[in-house]
């Protein structure tokens, strides 16, 4: 599997072999350093989270990045040949993830489920007006869909700052007092809709047996777009 380009997120990346367990361990160390220097805590403080709650959210996100939940299959041009290594194909076969002429859609817990659940929590706890939320999510969805592109062997790629800048700008314009939570909600759900759900038909052309929404785990576009949006708001 080719390494991600610097200007794109890894989106819908294929499911990984057990070797990828090394990555969360490294990320825990990196994130601990970042929190220590108050880089990430700035974002979480703007969202009203205590240091303990921020650590808990990060740990849950990292732990969840290990797990993918199968959802459904879509028709695709996967014929048994792909850019996957033999090891990866064997890994998917052992889990019965291989379907002729179909791509199995998974959802990553850490890269998608946790950020979406946290967005719902922010919406309910901050009394963000639904009209403002819908407006921000819609704006980010349009931008994310417009700038994202299918990349064979990689997934759906998109420039790193388009969605967060849109979310932060719209949130600040609509509600300065609730700009941070609104930016996170818009950045998270907007990327999920615009670069994931609306791009499902493009996954059919990638020739991959498996595609995971939020598959890059904690640093997938869904998660990081929300945090960047908060920092920019």
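The values are calculated or read from the model by the stated rules, or taken from the named source; none is laboratory data. Keep in mind that this is a model prediction, so the values were computed, not measured. FYI the Cβ positions are ideal-geometry reconstructions off the backbone, even for glycines, and counts take in every protein chain you see.
Taking the options 165, 227, 189, name whichever one is at pLDDT below 80, touching a helix residue (DSSP H, G or I) at 6+ places or on another chain (Cβ under 8 Å) and either under 24 Å from residue 55 (Cβ atoms) or outside any strand (DSSP E or B) (or both). Write out each step before concluding.
Numbers: 165 fails: at pLDDT below 80; 189 fails: at pLDDT below 80.
None of the other options fit; the residue is 227.
Applying a threshold of 7 Å to beta carbon distances and a minimum spacing of six or more residues, or different chains, the list of pairs starting in region 94-111 at a residue that is under 15 Å from residue 208 (Cα atoms) and ending at one that is at pLDDT below 80 and assigned to a helix (DSSP H, G or I) reads 98/92.
For region 149-178, a tally of residues being surrounded by 24 or more Cβ atoms within 10 Å (Cβ to Cβ) and more than 13 Å from the chain's Cα centre (by Cα) returns 5.
What do you reckon, is residue 170 free of Cβ contacts under 8 Å to residues at least 40 places away in the same chain and assigned to a helix (DSSP H, G or I)? Spell out the reasoning first.
Numbers: free of Cβ contacts under 8 Å to residues at least 40 places away in the same chain: yes; assigned to a helix (DSSP H, G or I): yes.
Against the criterion (free of Cβ contacts under 8 Å to residues at least 40 places away in the same chain and assigned to a helix (DSSP H, G or I)), residue 170 qualifies.
Among the criteria (1) modelled with pLDDT under 85; (2) on the phi < 0 side of the Ramachandran plot, the one residue 80 does not fulfil is (2).
Looking at 115, 100, just one residue is at pLDDT 70 or above and surrounded by fewer than 21 Cβ atoms within 10 Å (Cβ to Cβ), and that residue is 100. What about residue 215, is it modelled with pLDDT under 80, in a loop (DSSP other than H, G, I, E, B) and touching a helix residue (DSSP H, G or I) at 6+ places or on another chain (Cβ under 9 Å)? Judged against the criteria, residue 215 is a match.
Screening residue 137 on (1) farther than 22 Å from residue 61 by Cβ; (2) at pLDDT 95 or above; (3) surrounded by 21 or more Cβ atoms within 10 Å (Cβ to Cβ) shows it passes everything except condition (1). Considering the conditions (1) over 23 Å from residue 98 (Cα atoms); (2) in contact with a strand residue (DSSP E or B) (Cβ under 7 Å, 6 or more places away or on another chain); (3) assigned to a loop (DSSP other than H, G, I, E, B), residue 206 is excluded by exactly one of them, (1).
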